[in-house]
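First the structure, in the form of structure tokens, and then the observations on it.
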Amino acid sequence: MNVGGLRGGLLASFCVFALSLAVFLAGALVSRPAAAETTESIIVEGNRRVEADTIRSYFKPGPNGALDAGRVDDGLKALIETGLFQDVQIARPGGKIVVTVVENPVIGRIAFEGNKKVKDEQLTAEIQSKPRGTLSRPMVQSDALRIAEIYRRSGRYDVHVTPEIVEQPNNRVDLVFTIQEGPKTGVKVIEFVGNNVFSAARLKDVIKTHESNFLSFLGGNDVYDPDRVEADRDLIRRFYLKNGYADVQVVAALTEYDPDRKGFLVTFKIEEGQQYRVGAVDFQSTVSGLDPAVLKSFSRVNVGSLYNVEALEKSVEEMQIEASRRGFAFAVVHPRGDRNFDTHTVSVVFAVDEGPRVYVERINIRGNTRTRDYVIRREFDISEGDAYNRALVDRAERRLKNLDFFKSVKITTEPGSSSDRVVLIVDLEEKSTGDFSVSGGYSTSDGALAEVSVSERNFLGRGLFAKASVSYGQYSRGVSLSFVEPYLLDYRVALGLDMYYRQQLANSSTSYGVTTLGFSPRIGLQLREDLSLQLRYSIYRQTISLPSYLANCNNNANNTLLAFNPTPAYIASVLGGVDPTNSTSSGVYGYGCYGDGESSLPVRLELANGAAITSALGYTLNYNTLDNSKNPTEGLLIEWKQDFAGVGGNVSYLKSAVDAKYFTPLVSDIVGIIHMQGGILNKVGNNDLRMLDHFQMGPNLVRGFASNGIGPRDITYRSLGAAGDALGGTKYWGASAELQMPFWFLPKEVGLKGSVYADAGSLWGYQGPTSWAATGEVNTAACKCGLQYADSSLIRTSVGVGLIWASPFGPLRFDYAVPLTKSKFDIVQQFKFGGGTSF
């Protein structure tokens, strides 16, 4: 055996084995980096506030606990996205992961400089950066843009916001936003393209956006608001649809900023199309048992009338509600209009079909922090569990808006727990409902007047109305308290209570003062949307006041201060030939007696009789189709009222009056107004009519006359130069025709309108006391002076012009009228002014 060779072979084999083992171990070590790169082996450096474990938690290991390159990269991105760090670096020395961070500083204080129009609190609430929060530079830039947007919403498009970061010790900073607010950016010009039928001035009356002018500082609608401009597009479209233009399209509302004018130019492009009239109206029903003929009376669309989308929508709503009342809860009315392009007519078909059987599962109300839920729910004519009816939901939304308790009201639907259930979502934003006002005014008839009032439309969040007011004026003073419960015993019946104290002082038109203390409960019912009824009871106490020199009776014939001893011949001469002793003559009654200018006999009689208590029942029926209650241009308003006195008290009468106004648009923005009125006072029982219960008329009947300047008048002391008290009449009528037009050369925002008018009317039929009743006056036996008065049914007429100003200081009106016909003893007042304001 070769021992040396054997040893050499064994040595070689051992070397090969050792080499293989070394290679295997080295490969094993190289192939196991995860053993070193786990979350536990991550080293965090540079952190001061954020815990190291928190930083490690952003690195998510794989199933075997290892962190490969992709997972490390994902962790790096996640750390950066937190916004907590200015910089994040990752190094991998010696098989380890070292995460080095530079933390963002903490915001110590946030300040705003240069903001005068927007408060710090509002800006702080809008931005995302917060004190004691981490500074994020992208967030700061976003906050600067947000602040600029707040200013743009208020019309300041020239705003500049510059954020500044002020370094402080201990890695803290102060954040300061420097704001250059700039002036408000107004709408300098509003133009309309394609409007051939309606003038630009008429369309400007329709939209909410106004042009800037010298009075713009008193309002805000001249400030550019893109949302308002977009809403104006719909207002224009609906205006055309209301006037028969079924094909109208408001193609665009173009806005352009003009740096030279420092404002916006707004242009509405309109395609009017043709005007259509209603050619035919038909009613169809596929609902078993529902005769479409029963819905005809609820249609506001008539053959031959202009096609009016608003009237169409009203008809659909009322028909659908009527069908629901008749038991067809799921009936749906679909209007269909077939145009005839040759005759320019639309054939309207109201088709009644069976709708889906869907029920209201819940009504959820959101946003009412003050108003009670039941105040909102009672405006709905449907309840949870009832059939879903879109017309009733729309009506409820309109009613909630009309309450004027909320800035916004939106009712939407969400799916319920099953396919046949819906949930109504009522989203509300409440607004202030209390008012405190100090108002002042002046009129040529009533003099100066100031009033302080406090009112609340949503008292205690229960939907109640309460008001207290105190007025003090040159000729009138008073205190009043009012309270209204709109839903008496949960019915849609309003209960009102009024208490008042009024004092009317003697003035140029009356020689006496009247003090009234009264209480009046009333009940109001809305019979239809355009028809309402008010029932009332009134009880009030009235007393007359006179200075002593107007209430005495110096009837001694030897008294040289006595003015005269009128005779029938004298009275006849005053009346121009009318002989009061002739029973066929009219216009004056009584006989001569001594006197020195006392107040009228009926006034002194009221003073002698003491306080009068009037207890009366009455009602008012009101029909109103006006398009706007404050500034109507179309519609009819009729008011009929009656009051019966004699339910207790010591006064009795039946008083009836009617007042009707009709508004219609004519050409070139001119509105025509026809006003008719009339009334009659009837005696009831044995009690005589009091002078104070008679109708008193002046410019409220025929303009150009003084207050109480028309009708029967005391002429007993005419020779003394005294005008004599107005006695009033038991019958009156009046008619007026008026044209109101804007001044086209002025911006409509100025609020000026002119008017021309012609009035006619008459007041006559005095039926009060004409002789002294032997009580209460000195030297009674010799003081039985009869009342001499003029009473004529002559028609008074006048023509005049007026200036109407919806001013920022309140509504003002100036009238100058010239009487064309008048009675001899009527009192003329050609100029009249009235107005007031709240501040």
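The values are calculated or read from the model by the stated rules, or taken from the named source; none is laboratory data. Since we're looking at a predicted model, the values are computed, not measured. When the accessible area is computed, the model is the full protein with side chains, heavy atoms only, and any ligands, DNA or RNA have been set aside. Shrake-Rupley method; radii C 1.70, N 1.55, O 1.52, S 1.80 Å.
Given a 1.4 Å probe and heavy atoms of the protein chains only, how would you sort 354, 456, largest accessible area at the top?
The ordering from most to least exposed comes out as 354, 456.
Report Rg(Cα)/(2.2 N^0.38 Å) for the stretch 628-694, keeping two decimals.
That ratio works out to 1.64.
How much solvent-accessible surface does residue 519 expose, in Å² to the nearest 10, with a 1.4 Å probe and all protein chains in place?
80 Å²
When the Karplus curve 6.51 cos²θ - 1.76 cosθ + 1.60 is applied with θ = phi - 60°, which whole-Hz ³J(HN,Hα) does each residue of the stretch 402-408 get, with x for Gly and Pro?
6, 4, 6, 9, 10, 6, 9
Go through the stretch 361-373 residue by residue and turn each phi into a ³J(HN,Hα) via Karplus (6.51, -1.76, 1.60, θ = phi - 60°); whole Hz please, and just put x for glycine and proline.
Each residue of the stretch 361-373 in turn: 7, 8, 10, 9, 10, 10, x, 8, 7, 10, 6, 5, 4 Hz.
Would you kindly derive the ³J(HN,Hα) couplings of the stretch 202-208 from the backbone phi angles with the Karplus curve 6.51 cos²θ - 1.76 cosθ + 1.60 (θ = phi - 60°), listing them in order in whole Hz, with x for Gly and Pro?
With coefficients 6.51, -1.76 and 1.60, one gets 5, 5, 5, 5, 7, 7, 8 Hz.
Which order do 421, 339, 604 take when ranked by solvent-accessible area (1.4 Å probe, heavy atoms of all protein chains), largest first?
Listed by decreasing accessible area, they come as 339, 421, 604.
Enumerate the lysines that residue 683 could reach by cross-link, defined here as Cα to Cα under 27 Å, with residues fewer than 8 away along the same chain left out.
641, 655, 731, 784
At a Cα cut-off below 16 Å, give the aspartates and glutamates reachable from residue 401, other chains included and same-chain residues fewer than 8 away excluded.
Within the straight-line cut-off, residue 401 pairs with 373, 379, 381, 427, 429, 430, 529.
State the Cα centre-to-centre distance between the stretch 385-404 and the stretch 132-186 in whole Å.
Taking the Cα centre of each part, the stretch 385-404 and the stretch 132-186 sit 43 Å apart.
Residue 77: which lysines have alpha carbons under 16 Å from its alpha carbon, excluding same-chain residues fewer than 8 sequence positions away?
The reachable lysines, counting only those whose Cα sits under 16 Å from residue 77, are 60.
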